[in-house]
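Report on the structure given below.
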Amino acid sequence: YNGVPGSAAALDLLWAPITFGQRNAAIDLAKGNLQYGKADENLTLFNQQVAVINAWLNYLLFADLIKVYQSNIDRYAFSLKQAQTLVTSGLRPGTDSSSFNSQYNIAKMQLIAFERQQDSARIALKELVGGKLPEGIVVDSMLYKTLPEFTIAADTVYSDHPEVQLQKSKVATNE
């Protein structure tokens, strides 16, 4: 015999033979809260997926901008070398080379700024995916060459969207 503290009289006092529908209402409320919790979980998962996609697209954007600014540096380096050659030969005044030199240095600073932003985007992406990214992420530039096709039909129903599901479960719970 494994007895428990309390008595049969205490059980009799807690038992209500007539609940006036409160028990069924409490069960329905619990079911509604369960559906709301599942919908909230789906919305959280959806928001996480959107954040990962956003971080990846930012990383791709900064990788592409770094290529652009690297080509700017190459162009300004060529112009600076050309201006310095013309200055040393006496065909141009030295002010041209100093303006090209300043443009070259500005382009280098902009490249460093975008490299830092790309590192920040990589860190944000790493945090969103749980801290593990493969070394030397391959940047796919096909996204900028051929954009994916996306069409929305006029009669599209958004009832599968997690936010809509969350609000529907909230309404169903409160009814």
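The values are calculated or read from the model by the stated rules, or taken from the named source; none is laboratory data. Nothing here was measured: the structure is a model prediction, and the numbers come from that model. Counting neighbours? That spans all protein chains shown, and the Cβs are built from the backbone with ideal geometry, glycine included. Protein only, heavy atoms only, side chains kept; ligands, DNA and RNA dropped before computing areas. Shrake-Rupley method; radii C 1.70, N 1.55, O 1.52, S 1.80 Å.
For the criterion of being without any contact (Cβ under 8 Å) to a residue 40 or more places away in the chain, under 30 Å from GLN103 (Cβ atoms) and in a helix (DSSP H, G or I), VAL87 passes.
The number of residues in the stretch 115-154 being at pLDDT 85 or above and over 24 Å from VAL50 (Cβ atoms) comes to 2.
Reported count of residues in the stretch 79-107, each being under 39 Å from the mean Cα position of the chain (by Cα) and open to solvent by 80 Å² or more (accessible area, probe 1.4 Å), is 0. Scanning the stretch 33-56 for residues that are within 14 Å of VAL129 (Cβ to Cβ) and without any contact (Cβ under 8 Å) to a residue 24 or more places away in the chain, which turns out surrounded by the most Cβ atoms within 10 Å (Cβ to Cβ)? Here the residue is ASN54.
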